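Everything on this sheet refers to the single structure shown next.
The values are calculated or read from the model by the stated rules, or taken from the named source; none is laboratory data. As the structure is a prediction and not an experimental result, all values here were calculated from the model. When we count neighbours, we look across all protein chains shown, and the Cβ atoms used for this are built from the backbone with ideal geometry, even at glycine.
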Amino acid sequence: MQGLDDVSVFVKVVQAGSFSQAARQLAMPNTTVSAKVAALEKRLGVTLIQRTTRKLNITEAGEAYFRRCVVALEELQAAETEVTSSQAAPQGILRVTAPVDAGHTLLPSIVRTYLKNYPTMEVDLVITNRVVDLVAESVDIAMRAGELEDSTMVGKKFVSANMSFWASPSFVKKYGVPTHPKELHQYEIIRFSEASFSKLTLINGKERFTYAPKGRLSTDDLSVLKAFTLQGDGIGLLPNYLCDDELSRGKIVPVLPEWHFAAGSFSLVYPAQKFASPKVHAFIKVATEFGKNCTRR
């Protein structure tokens, strides 16, 4: 088969939705990307993409050819990955995406361990609350909250997002602590302002308690909420994994430790394929071990 490189560039252009975006993802000049697609069209004797100044239009022939090429390239990638999966250590660049909160809290420890364990690896982080198209944007793996909805992806849960109440030692010394969630209204609560947190179902074994947080201070950023909690400004509802380090250093203490709010879990998500690459497998291994070591309550 001739012009395999031209084919892969054509597929990337369609996936990216534009020549310029494909050029950025492939680290190629725009002129090179355009020339490769033009060479492919000349060899095939058909127009695959109709170019306009505003929009990229895929022809009927282009659509049919794209569908076949995607399958063929995936098979080639699977074959290459299968052959290289026996490598002693992963190599290259791992592109990881995560939402902002997870990028500030979960990801740094995992990435530090990953780079320490695999010194030949490089990591490129894409921290955004936008849902990244892993295939179109050439991202290897994503950290996402909640249930996996895309059937073309593989998801592996690695840490629970259980949340508990926390306070600084100075706050506890000055104000004491509640003995039951029904007493929380007597204390200054630092609220997480997302709509889904306006009413919470707190769990203690088989016991349930519905709680609507009230407080003068609210934020949509867990890192900010944690900072105010550490400063002694109130009791904060925080993910347990976010408090492990400060708990071990005595800078934060659990409040109502028997109670928690089940906020779901985080998963590692990557495109479905026959063989996940060694670098992805290695990252999943590190993240899973991190999840096991997180505080469980």
Just one of the numbered conditions (1) over 25 Å from the mean Cα position of the chain (by Cα); (2) within 30 Å of residue 279 (Cβ to Cβ) is not true of residue 186; which one?
(2)
Only residues in the range 98-124 that are over 20 Å from residue 263 (Cβ atoms) count as the first member; pair them with residues that are β-branched (Val, Ile, Thr) and buried (at least 19 other Cβ atoms within 10 Å of the Cβ), Cβ under 8 angstrom, at least 6 apart or cross-chain, and list the lot.
111/96; 113/286; 114/286; 117/286; 123/96; 123/111; 124/96
Being surrounded by fewer than 20 Cβ atoms within 10 Å (Cβ to Cβ) and touching a Cys at 6+ places or on another chain (Cβ under 8 Å) is the filter here, so list the residues in the range 230-246 that pass it.
244
Scan the range 185-224 residue by residue and report those that are touching a residue at least 60 places away in the same chain (Cβ under 8 Å) and surrounded by 17 or more Cβ atoms within 10 Å (Cβ to Cβ).
200, 222
Which of (1) surrounded by fewer than 17 Cβ atoms within 10 Å (Cβ to Cβ); (2) farther than 20 Å from residue 135 by Cα; (3) of a type in the set (A, V, I, L, M, F, W, C) does residue 40 not meet, given it meets every other one?
(1)
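Looking at residue 48, is it closer than 21 Å to residue 132 by Cα, more than 29 Å from the chain's Cα centre (by Cα) and surrounded by 14 or more Cβ atoms within 10 Å (Cβ to Cβ)?
Details: closer than 21 Å to residue 132 by Cα: no; more than 29 Å from the chain's Cα centre (by Cα): yes; surrounded by 14 or more Cβ atoms within 10 Å (Cβ to Cβ): yes.
In short, no.
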Unique residue being within 20 Å of residue 225 (Cβ to Cβ) and in contact with a Leu (Cβ under 7 Å, 6 or more places away or on another chain) when the list is 190, 141:
190
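Okay, residues lined up against (1) under 17 Å from residue 77 (Cβ atoms); (2) at pLDDT below 90:
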{"site": "1", "(1), (2)": "yes, yes"}
{"site": "13", "(1), (2)": "no, no"}
{"site": "17", "(1), (2)": "no, yes"}
{"site": "26", "(1), (2)": "yes, yes"}
{"site": "32", "(1), (2)": "no, no"}
{"site": "35", "(1), (2)": "no, no"}
{"site": "41", "(1), (2)": "no, no"}
{"site": "47", "(1), (2)": "no, no"}
